[in-house]
Each structure stands twice: as C-alpha cells, then as structure tokens.
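J.: Got a structure here, written out as structure tokens. Questions coming.
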Amino acid sequence: MVSAVAVVGVPDQRLGEVGMAFIVAASGTTIDTDELIAWCRERMANYKVPRFVEVVDALPLNASNKVLKTDLRERATKLVTPS
C-alpha cells in the first residue's frame, strides 16, 4: 500500500518530459515498482503513467506540510539523466 506519493516531470529525449513518482510505502508494507507501473497502465492514460518510480522513506515538506517539488525535480533529474 501507498502512504504518500508525489509525481514530478523529468527530461526525456523523445517526449520532452515524462513523470517520475516518489512513493512512500505504508507502514509495514513494501512496494514492487514494476507491479505499481503495471497497475497504473491498466487504469490511467499512457501519458499519465510514471516512467520511473523511486521508493523513499519520506517526501520533503515545507513548514506548511506541502511537498517541495523543486527538491524532488532536482533529485529526479540527477537519477534519470546519464552522467
């Protein structure tokens, strides 16, 4: 089960930008990223399905408990961009 999720755009050669999901697993559970993407493909339009999934312990939040998507975008870009 998923406790929290945030999706950000990352650069893509063909499409310009694709989604990357950062997932926080619910307490006591594990996430199979391939299974999660397959679930999304069955239920979402193709362009909405995240191409990358990263399981994290917690999402970065500001003082108002809003997700810091700029931090996630920077992290995601580093993860998917070849060096």
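Values in this text are rule-based calculations from the coordinates and carry no lab data. Predicted model, so just to flag it, every value in this text is computed and none were measured. When we count neighbours, we look across all protein chains shown, and the Cβ atoms used for this are built from the backbone with ideal geometry, even at glycine.
J.: Quick one: Karplus J couplings for the range 50-67, per residue in order, coefficients 6.51, -1.76, 1.60, θ = phi - 60°, nearest Hz, x for Gly and Pro?
T.: Result, ordered by residue: x, 7, 9, 9, 10, 8, 10, 6, 7, 8, x, 10, 8, 5, 8, 6, 9, 5 Hz.
J.: Under the √(5λ) rule applied to the eigenvalues of the Cα gyration tensor, what semi-axes describe the equivalent ellipsoid of the range 35-83? Give them in Å, descending.
T.: 23, 16, 10
J.: Pop out the ³J(HN,Hα) list for the range 14-24 in order, Karplus 6.51 cos²θ - 1.76 cosθ + 1.60 with θ = phi - 60°, rounded to Hz; leave Gly and Pro as x.
T.: Once θ is set to phi - 60°, the couplings for the range 14-24 become 7, 9, x, 7, 10, x, 10, 9, 9, 10, 10 Hz.
J.: How big is the dipole moment of the chain about its Cα centre under a simple scheme where the beta carbon of each Lys and Arg is +1, that of each Asp and Glu is -1, and everything else is neutral? Debye, nearest 20, please.
T.: Dipole about the Cα centre, nearest 20: 300 debye.
J.: Order these peptides, 3-12, 65-74, by their mean beta-carbon neighbour count within 10 angstrom, highest first.
T.: On the way: 3-12: 16.2, 65-74: 13.7.
My ranking of the peptides, most packed first, is 3-12, 65-74.
J.: Would you please give the residues with an amide H less than 5 Å from that of V55, counting only those at least 5 places away or on a separate chain, with H modeled from the backbone geometry?
T.: HN-HN under 5 Å from V55: I23.
J.: Right, next: Contact order normalised by length for the chain, with contacts defined as Cα pairs under 8 Å and 6 or more residues apart; what percent is it?
T.: 33 percent
J.: For mean projected area of the Cα convex hull in nm², several values are listed as [x] 7.5; [y] 6.2; [z] 5.2; flag the one computed from this structure.
T.: Here the calculated entry is [y].
J.: Now a separate question. Between D12 and residues 5 or more places away or on another chain, which pairs have amide H atoms under 5 Å apart, with H built 1.01 Å from N, and which residues are they?
T.: Hits under the 5 Å cutoff: E17, V18.
J.: Each residue of the range 5-12 in order: what ³J(HN,Hα) in whole Hz does its phi give by Karplus 6.51 cos²θ - 1.76 cosθ + 1.60, θ = phi - 60°, with x for Gly and Pro?
T.: These are the phi-based 3J(HN,Hα) values: 8, 9, 10, 10, x, 10, x, 9 Hz.
J.: Find which of V55, V18, I31 sits farthest along the positive direction of the dipole of the chain, computed with +1 on the beta-carbon of Lys and Arg, -1 on that of Asp and Glu, about the Cα centre.
T.: V18
J.: Around A4, which amide H atoms from residues at least 5 apart in sequence, or from another chain, sit under 5 Å from its own amide H, with H modelled in the peptide plane?
T.: Under 5 Å from the amide H of A4: V24.
J.: Ok, one more. Which aspartates and glutamates have a Cα lying under 17 Å from the Cα of K48, excluding residues fewer than 8 positions away in the same chain?
T.: Partners within reach: D12, E17, D34, E35.
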